[in-house]
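Colleague: Please see the structure below; I have some questions.
Laboratory data are not the source of any read-out in this text; all were calculated from the coordinates shown. Note that the structure is predicted; figures quoted are calculated from it, not measured. Cβ placement follows ideal geometry from the backbone for every residue including glycine, while neighbour counts extend to all protein chains displayed.
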Amino acid sequence: MNPVPALDPIGPRYRIDLFEIPAESFAPFMHRADWIQRYVGGLAGRGRNLVLAQASGPGRFKVVTLVEWADGCKLLEAQALTLAHYRMEGFNPAEFLARLGVRADGGVYAPVATS
């Protein structure tokens with residue numbers, strides 16, 4: 001038996017990111033997250049678009065973002081449009097997160113074939 005699940009080669013893709021945010025950075029982080037959610041909300045092929053927050057202990061918060069895309073092509077198109085917009089406005093996501101002391105982990109997920 002193969003322990004690696006088989007990913008559905010077509011169908012929806014999900015961009016899921018987890019952020020751990022210091023309390024003092026929560027407001028500026030959420031301001032940017034709100035902007036990104038509204039921007040992504042206007043792109044073709046987008047399904048669910050969630051920002052979820054949970055307190056994770058003294059002084060830090062966890063925020064999870066989930067964006068559903070109709071397929072891998074729509075996800076790639078959205079990534080290209082978003083990166084072009086970032087370049088136009090001079091926004092560097094990695095620099096922004098580092099400045100705020102945010103730890104981030106994320107990736108693209110696909111449904112697992114169960115049969």
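Colleague: Which residues' amide hydrogens lie under 5 Å from the amide hydrogen of Gly11, considering only partners 5 or more residues apart or on another chain, with H built in the peptide plane?
Modeller: Excluding prolines and chain starts, which carry no amide H, the hits are Gly72.
Colleague: Turning to a different aspect of this structure: For the chain, would you read off the P(r) tail past 26 Å as a percentage of all alpha carbon pairs?
Modeller: Values: 1740 of 6555 pairs.
Result: 27 percent of Cα pairs exceed 26 Å.
Colleague: Count the net charge of all other residues whose Cβ sits under 10 Å from the Cβ of Trp69, scoring Lys and Arg as +1 and Asp and Glu as -1.
Modeller: Values: positive: Arg13, Arg15, Arg46, Arg48, Lys74; negative: Glu68, Asp71, Glu77.
Net of charged neighbours comes to +2.
Colleague: Tell me, what is the percent relative contact order of the chain, built from C-alpha pairs under 8 Å that lie six or more residues apart?
Modeller: On the way: 169 pairs, mean separation 51.9, N = 115.
Result for the chain is 45 percent.
Colleague: Let's see if you can work this out: charge +1 on each Lys and Arg Cβ, -1 on each Asp and Glu Cβ, no other charges. What is the dipole magnitude of the chain about its Cα centre, in debye to the nearest 20? Don't skip to the end; give the middle numbers.
Modeller: Numbers: 12 positive and 11 negative charges, 23 e Å.
Here the size comes out at about 100 debye.
Colleague: Taking only DSSP H segments of four or more residues, each worth -39500 (n - 2.57), what value at 222 nm results for the chain once the sum is divided by all its residues, to the nearest 500 deg cm²/dmol?
Modeller: Details: 3 runs with 42 residues, N = 115.
That comes out to -12000 deg cm²/dmol.
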